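The values are calculated or read from the model by the stated rules, or taken from the named source; none is laboratory data. Owing to the predicted nature of the structure, the values given are computational and were not obtained by experimental measurement. Here the Cβ positions follow ideal geometry from the backbone for every residue, glycine too, while neighbour counts run over all protein chains shown.
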Amino acid sequence: MRRIPLLPYTANLGYTLTFGVDVQSKAPIKDLRFLLQVMKLEILNQLGKHLNRSMFPFLEMLIMKVNNTYSSKENIIGSYLHISVFLKLFVNVVVNRDEFETKLLQFHYQEFLFKRFLCSRLNTTINCIVKCRVKSDNGSLYLPIDLPFRRFHTTKYYLKTKNEIPGSKKYIHSHISSLLKCSQIELDKTEVIIDESKNLLRVPQYSTVSDYYNFYFTSSDRNVRICLNTFKSMMVSSSEMSVLQIIMLIFTTLSLLCLFLTFMTYCMFEQLRTLPGKNNMCLVVALFFAMAVLEFAHSIATTPKLKSYDSFRHNSVNLAVYIKLFTITGSSWVLQIIDSFLPLSPFSVIVSLLNAMQGIYIFVAYICNKRVFILYRSLICNKHVIRSDSESRTVTQTTSLTSTKLLK
């Protein structure tokens, strides 16, 4: 619902404006204290023009801070600096409240310029044009708290002006933000997390963060109100899939398909179900469920113990299979560990894609080869497949051992 004033025309309205001003000039500005004095007058004049009335009778408090550092030994500032402004107003005359608040909101996007003897060139103060652009500034909200510690900020200058307006302390001062004019939605306090130290609102359901300007507490039950447009943007941002997410989904789906085909191939052909083959089957099953349920490919690279065989050549074949298996699955683990110590970067994207493609690697490494092709061709054409030399040697060895036991 939209906030609508009960009385269209009313008096005794308190407002707090917080904003920043980007100041640019063609020549450096030397005297920062004088600059703040000039900016105070210019801001109040521009705000008065915008509201079609003088703002000086309404000024209750004004705090300004120059955010910049000296750029040379001559204590001359560069041609660009930023000023934070905290402005407190009390309007004790009758005004159109809706119109007045709308104009205060619009002031956050104002641009203006003036000409003063502020700039310095060759140790001489010259008359220069100063361009100003009003913008949002979250830090300006804390200027009343920051002001007592100004003596510790050797590179910053402050200006404070305070006027006593009778009766102003009896009224609540509304912070000027989009919440004054927008349609609002109320969130239960159990749906949000408030970071009081930073004045941030976190909505875990949509994985979004909102600053002080975009929410406020209800006085009764401490629920939170935000603009409807802000809430809609939260929903849209949480539902939209990024390009990386779409790519990850495609590769994960392909990996799941390849893992399924790999497992079915091992089930269909007994010749593939050797000790390394069974190890591959276990890996395929574990990886399939990990990627399908968690949508994240985590495979554990282990080196199985080699069973003792009389044939050294057969052990060498198994070792080659184990090395191939470790290279495919273990390399992703190594890259993932390295990436965990680094900030988000293109390397993180590459590692994520490699993890999503593990099923494809396994399918290509163990199924896309001549041996499996012959097995499939024999299955389709009903042809007998001649065992490989290593398999024949193993069968012969097993048969001879069985015969020896029977003779004994």
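From the list Ser136, Ser178, pick out the single residue that is at pLDDT 85 or above, among the small types (Gly, Ala, Ser) and within 28 Å of the chain's Cα centre (by Cα).
Numbers: Ser178 fails: at pLDDT 85 or above.
Only one candidate passes the filter, namely Ser136.
Say whether the condition of being assigned to a helix (DSSP H, G or I) and either at pLDDT 70 or above or over 27 Å from Phe90 (Cβ atoms) (or both) is met by at least one residue in the stretch 205-225.
To start, the set of residues in the stretch 205-225 that are assigned to a helix (DSSP H, G or I) comprises 212-214.
Remaining after also requiring either at pLDDT 70 or above or over 27 Å from Phe90 (Cβ atoms) (or both): 214.
The answer is yes; a qualifying residue exists.
Taking the stretch 104-133 on its own, how many of its residues are of a type in the set (Lys, Arg) and modelled with pLDDT under 85?
1
Can you find a residue that is at pLDDT below 75, of a type in the set (D, E, K, R), under 25 Å from Thr252 (Cα atoms) and part of a helix (DSSP H, G or I) anywhere in the stretch 323-342?
For the stretch 323-342, residues at pLDDT below 75, of a type in the set (D, E, K, R), under 25 Å from Thr252 (Cα atoms) and part of a helix (DSSP H, G or I): present.
Name the single residue that is surrounded by the fewest Cβ atoms within 10 Å (Cβ to Cβ) among those in the stretch 139-175 being within 33 Å of the chain's Cα centre (by Cα) and of a type in the set (Gly, Ala, Ser).
Across the stretch 139-175, the extreme among qualifying residues is Gly139.
Surrounded by 15 or more Cβ atoms within 10 Å (Cβ to Cβ), over 16 Å from Phe112 (Cβ atoms) and either modelled with pLDDT under 90 or assigned by TED's automatic domain parsing to the domain that holds Asp137 (or both): does that describe Leu47? Write out each step before concluding.
Details: surrounded by 15 or more Cβ atoms within 10 Å (Cβ to Cβ): yes; over 16 Å from Phe112 (Cβ atoms): no; either modelled with pLDDT under 90 or assigned by TED's automatic domain parsing to the domain that holds Asp137 (or both): yes.
No, not satisfied.
Only one of these conditions is not met by Ser54: (1) part of a helix (DSSP H, G or I); (2) over 18 Å from Gln106 (Cβ atoms). Which number is it?
Condition not satisfied by Ser54: (1).
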